[in-house]
Amino acid sequence: MIKNEISTAVVRRLPRYYRYLGELMESGIERISSNELSKKMNVTASQIRQDLNNFGGFGQQGYGYNVEFLYLEIGKILGVDKKHNMIIIGSGNLGQAIANYANFERRGFVVTGMFDKNPALVGRTVRNIKIKPMEELKEYIVKHNIDIAALTIPKLEAVHVAEELVKYGIKAIWNFAHTDLNLPKHIVVENVHLSESLMRLSYNLTRAEKQNIQ
């Protein structure tokens, strides 16, 4: 049983567990201890046990974790055991890169539609998906039962478009626009600020360089 109020840090580690367990399965490994998993993930064994205990534990003393079982259970927790229909709004370079990334489909995130206001892009095909004009957005969402919208548009447009998406019934937004969205609490938003990630990388690089000088 999942406990209430799972910390953000734990949630952020779950996809890493899922990825590593998938790699272990591909290597034919059937079970693994928290100590062995900690060496691969650079997370303490105690932290791994604490994380998984939030969802029921899954391990057996003296045996460790059944890799396939744990992989499937974490998949259920993450919701990647079912299909999520997704659209991309903004079909420039970033939008097309997301559409072309086949691994999303293997995780259950299926891009079914792409939209843009640029006439030069409308009508083009990206991975067998025809880019549609924004005027068709509402009808498409309703007709195709879309769960998730990825926003890869300028921040000045993102706020208005996000508000329209809420009206059309979108449940979650993957926001690549460099702005925060003030939406109703029942709408799930995951912000991906690429420049902030790059600045964190720069900070850690600068820190490492200073330590090497000392």
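The values are calculated or read from the model by the stated rules, or taken from the named source; none is laboratory data. Everything numeric in this text was worked out from a predicted model, so none of it was measured. Using ideal geometry, Cβ is built from the backbone for each residue, glycine included, and neighbour counts are taken over all protein chains shown. Accessible surface is based on the protein model in full, side chains and every heavy atom, while ligands, DNA and RNA are left aside. Shrake-Rupley method; radii C 1.70, N 1.55, O 1.52, S 1.80 Å.
Please determine whether any residue of region 16-26 is open to solvent by less than 60 Å² (accessible area, probe 1.4 Å), closer than 30 Å to Val161 by Cα and under 14 Å from the mean Cα position of the chain (by Cα).
Taking region 16-26 as the starting set, the residues that turn out to be open to solvent by less than 60 Å² (accessible area, probe 1.4 Å) are 17-18, 20-22, 24.
Filter once more, keeping what is closer than 30 Å to Val161 by Cα: none.
No.
Do we have Ile29 as closer than 30 Å to Ile153 by Cβ, outside any helix (DSSP H, G or I) and modelled with pLDDT of 90 or more here? Can you show your working first?
Numbers: closer than 30 Å to Ile153 by Cβ: no; outside any helix (DSSP H, G or I): yes; modelled with pLDDT of 90 or more: yes.
So Ile29 does not fit the description; no.
Within region 121-144, how many residues turn out to be open to solvent by 30 Å² or more (accessible area, probe 1.4 Å), assigned to a strand (DSSP E or B) and touching a helix residue (DSSP H, G or I) at 6+ places or on another chain (Cβ under 9 Å)? Can you show your working first?
Filtering region 121-144 down to residues open to solvent by 30 Å² or more (accessible area, probe 1.4 Å) leaves 122-125, 127-128, 130, 132-136, 138-139, 142-144.
When the remaining residues are screened for being assigned to a strand (DSSP E or B), the result is 125, 130, 132-133.
The next check asks that each one be touching a helix residue (DSSP H, G or I) at 6+ places or on another chain (Cβ under 9 Å); those that pass are 132.
Summing the residues that are open to solvent by 30 Å² or more (accessible area, probe 1.4 Å), assigned to a strand (DSSP E or B) and touching a helix residue (DSSP H, G or I) at 6+ places or on another chain (Cβ under 9 Å) in region 121-144 gives 1.
Among the residues of region 145-166 satisfying the criterion of being modelled with pLDDT under 95 and closer than 12 Å to Ile87 by Cβ, which is surrounded by the fewest Cβ atoms within 10 Å (Cβ to Cβ)?
Among those residues, the one meeting the criterion is Asn145.
Quick one: what pairs do we get from region 175-191, first residue touching a residue at least 24 places away in the same chain (Cβ under 8 Å), second surrounded by fewer than 16 Cβ atoms within 10 Å (Cβ to Cβ) and polar (S, T, N, Q), C-beta under 9 Å, 6+ apart or different chains?
Short answer, once both residue conditions are applied: Asn175/Asn191; Phe176/Asn191; Ala177/Asn191; Thr179/Asn191.
Could you tell me whether region 61-69 includes any residue that is closer than 25 Å to Phe104 by Cβ, modelled with pLDDT of 90 or more and open to solvent by 40 Å² or more (accessible area, probe 1.4 Å)? Spell out the reasoning first.
Narrowing region 61-69 to residues closer than 25 Å to Phe104 by Cβ: 67-69.
Still in the running and modelled with pLDDT of 90 or more: 67-69.
Subset that is open to solvent by 40 Å² or more (accessible area, probe 1.4 Å): 68-69.
For region 61-69, residues closer than 25 Å to Phe104 by Cβ, modelled with pLDDT of 90 or more and open to solvent by 40 Å² or more (accessible area, probe 1.4 Å): present.
Residues being farther than 17 Å from Val80 by Cβ and free of Cβ contacts under 8 Å to residues at least 12 places away in the same chain: count how many of those fall in region 1-45.
12
Could you look through region 192-214, keep only residues that are in contact (Cβ under 8 Å) with a residue 12 or more places away in the chain and not in a helix (DSSP H, G or I), and pick out the one that is nearest to the chain's Cα centre (by Cα)?
Taking region 192-214 first, the residues in contact (Cβ under 8 Å) with a residue 12 or more places away in the chain are 192-195.
Going one step further and asking which of them are not in a helix (DSSP H, G or I), we end up with 192-193.
Details: Val192: 9, His193: 13 Å.
This residue is Val192.
Condition first: out of contact with any Asp or Glu (no Cβ under 9 Å at 6 or more places or on another chain) and either of a type in the set (Gly, Ala, Ser) or in contact (Cβ under 8 Å) with a residue 40 or more places away in the chain (or both). Now tell me which residues in region 65-87 satisfy that.
Leu70, Tyr71, Ile74, Ile77, Leu78, Gly79, Val80, Ile87
Yes/no per residue for (1) in contact with a Cys (Cβ under 9 Å, 6 or more places away or on another chain); (2) of a type in the set (Gly, Ala, Ser); (3) under 21 Å from Val188 (Cβ atoms):
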{"position": "Arg19", "(1), (2), (3)": "no, no, no"}
{"position": "Lys39", "(1), (2), (3)": "no, no, no"}
{"position": "Ile48", "(1), (2), (3)": "no, no, no"}
{"position": "Met86", "(1), (2), (3)": "no, no, yes"}
{"position": "Ser91", "(1), (2), (3)": "no, yes, no"}
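Sort through Glu164, Glu105, Glu190 and tell me the only one that's of a type in the set (Asp, Glu) and under 21 Å from Thr8 (Cβ atoms).
Exactly one of Glu164, Glu105, Glu190 is of a type in the set (Asp, Glu) and under 21 Å from Thr8 (Cβ atoms), namely Glu190.
Just the residues that are open to solvent by 30 Å² or more (accessible area, probe 1.4 Å), in a loop (DSSP other than H, G, I, E, B) and among the small types (Gly, Ala, Ser), please, taken from region 93-109.
Of region 93-109, the ones open to solvent by 30 Å² or more (accessible area, probe 1.4 Å) are 93-94, 96-97, 100-107, 109.
Applying the additional criterion that residues be in a loop (DSSP other than H, G, I, E, B) yields 101-102, 107.
Result: Ala102, single match.
Would you point out the residue of region 110-120, among those that are over 21 Å from Val80 (Cβ atoms) and touching an Asp or Glu at 6+ places or on another chain (Cβ under 9 Å), that is most open to solvent (accessible area, probe 1.4 Å)?
Residues of region 110-120 that are over 21 Å from Val80 (Cβ atoms), as a first pass: 114-120.
If we keep only those that are touching an Asp or Glu at 6+ places or on another chain (Cβ under 9 Å) as well, we get 115, 117.
Details: Phe115: 0, Lys117: 141 Å².
My answer is Lys117.
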